[in-house]
Amino acid sequence: MNDHRRDRRSPERQHSGQQPGQRPEERWEQQPGQQPGQQPGQRSGRPSGQQPPPGPPTDVGEMGDASVPEGLVSAVEHLVGTGPVLLGAYTVAELTAVDAIVDFLEARPPDDVLAEAVRSLAARQLLLAGSSGEQVQVRGDLGIIVAFQRRARKVLDARTTGTGPGEPWRILLLPQPERICMMVRIDALGVHQIGLYKLDEALRMLTDWLPQGRSADPDEAVDVDGMLAAAERSALVTVTRYTAQGSAEVAEDSTDLVLARSDGRLHVLSRDPRDQDRLVPSRAEGREDVDDRLVGLLA
């Protein structure tokens, strides 16, 4: 099971010209889905009829030092209610440059890689200088990503082996209070495809991607390490609750679930309450039960 273990220590986050623990103020002047250079009312990559109606101002809540336009959350929530909202693809360096990624999930890229990511975002008019050296403006769909990432306090991190061409090897879910969810699909090249979905739809997509098969008997004696090594497809699902301290997210408690398909049978494993380093078989009756387990982990 060593392949399923990871270091959850939070890497240091530093911003040029700031004291450690501070983050630049982020502002988004664009309407949801509007691309730089578009006139108000024009949309890109959205079906017609999905314009969010004017709504009352929404208090985003605790957002660190970020400043979010009034009504952005309610407008995007309405848009997600009509269908998935795809927010584009980014590298981990581009997301790190605007602090749009949960700290303990990724190692911080080298400074020269971050500098190149900043130049790339600036060239695409997604990152602009603010009114002072302590501020930046994050525009377009990337600004929406930052806003919703900053609101989350729980993340589901699923990593799988045995994926095929075109499949992500890792999926992140960041649920929101409004029962919508930001999904991040990460491919072998490290490209992060990001979108907002209804929570039920995101969980269905995740279940479809995880290993499947007829349920194995949890009472049957099994060599866990040998079964995992021979599995046709296996996945580690970790749900972590965290808090924000300044610009850094700090992991608190977490729960693991392991799924493995071997000889056409689906084995479900969880941590032994008496020995967290040991995996023990757990009962799961088909796809619906796996979906219920995921819902329970995010509850």
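The values are calculated or read from the model by the stated rules, or taken from the named source; none is laboratory data. Keep in mind that what you see is a predicted model, and the values were worked out from it rather than measured. Glycine also receives a Cβ, built like all others from the backbone with ideal geometry; neighbour counts cover every protein chain displayed. What goes into the accessible areas is simple: the full protein's heavy atoms, side chains included, and nothing from ligands, DNA or RNA. Shrake-Rupley method; radii C 1.70, N 1.55, O 1.52, S 1.80 Å.
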- Item | Residues satisfying the stated conditions in the stretch 230-282, i.e. farther than 12 Å from Gln212 by Cα, touching a Pro at 6+ places or on another chain (Cβ under 7 Å) and open to solvent by less than 10 Å² (accessible area, probe 1.4 Å) | Leu269
- Single unsatisfied condition, Ala107 versus (1) crowded, with 22+ Cβ neighbours inside 10 Å; (2) not in a helix (DSSP H, G or I); (3) not basic (Lys, Arg): (1)
- In this structure, is Leu126 open to solvent by less than 10 Å² (accessible area, probe 1.4 Å) and under 18 Å from Gly195 (Cβ atoms)? no
- Query: Given the structure, is Ala260 in contact with a strand residue (DSSP E or B) (Cβ under 6 Å, 6 or more places away or on another chain), outside any strand (DSSP E or B) and either of a type in the set (Gly, Ala, Ser) or modelled with pLDDT under 90 (or both)?
  - Reply: no
- Item | Qualifying residue in the stretch 130-147 (condition: within 29 Å of Thr82 (Cα to Cα) and part of a loop (DSSP other than H, G, I, E, B)) | yes
- Which is under 26 Å from Ile101 (Cα atoms) and either in a loop (DSSP other than H, G, I, E, B) or out of contact with any Asp or Glu (no Cβ under 6 Å at 6 or more places or on another chain) (or both), of Thr238, Thr207, Thr255? Thr255
- Checking Ala93, Ala158 in turn, the sole residue that is open to solvent by less than 40 Å² (accessible area, probe 1.4 Å), in contact (Cβ under 8 Å) with a residue 24 or more places away in the chain and not in a helix (DSSP H, G or I) turns out to be Ala158
- Filter result for the condition that a residue is open to solvent by 30 Å² or more (accessible area, probe 1.4 Å), under 23 Å from Val250 (Cβ atoms) and in contact (Cβ under 8 Å) with a residue 60 or more places away in the chain, over Arg139, Arg153: Arg153
- Query: Do we find that Leu86 is among the aliphatic types (A, V, I, L, M), open to solvent by 20 Å² or more (accessible area, probe 1.4 Å) and either modelled with pLDDT of 95 or more or under 24 Å from Arg241 (Cα atoms) (or both) in this structure?
  - Reply: yes
- Starting from the stretch 252-265, keep only residues that are of a type in the set (D, E, K, R), then list their pairs with residues that are open to solvent by less than 10 Å² (accessible area, probe 1.4 Å) and part of a strand (DSSP E or B) whose Cβ atoms are within a distance under 6 Å, requiring at least 6 positions of separation or different chains. Glu252/Tyr242; Asp256/Thr238
- In this structure, does Ala100 turn out to be in contact (Cβ under 8 Å) with a residue 24 or more places away in the chain, within 23 Å of Gln245 (Cβ to Cβ) and not in a strand (DSSP E or B)? yes
- Which condition number does Arg170 fail, the rest of (1) of a type outside the set (A, V, I, L, M); (2) surrounded by fewer than 18 Cβ atoms within 10 Å (Cβ to Cβ); (3) closer than 26 Å to Arg261 by Cβ; (4) at pLDDT 95 or above being met? (2)
- Query: With respect to Leu196, is the statement that it is under 29 Å from Leu266 (Cβ atoms), not small (Gly, Ala, Ser) and not in a loop (DSSP other than H, G, I, E, B) true?
  - Reply: no
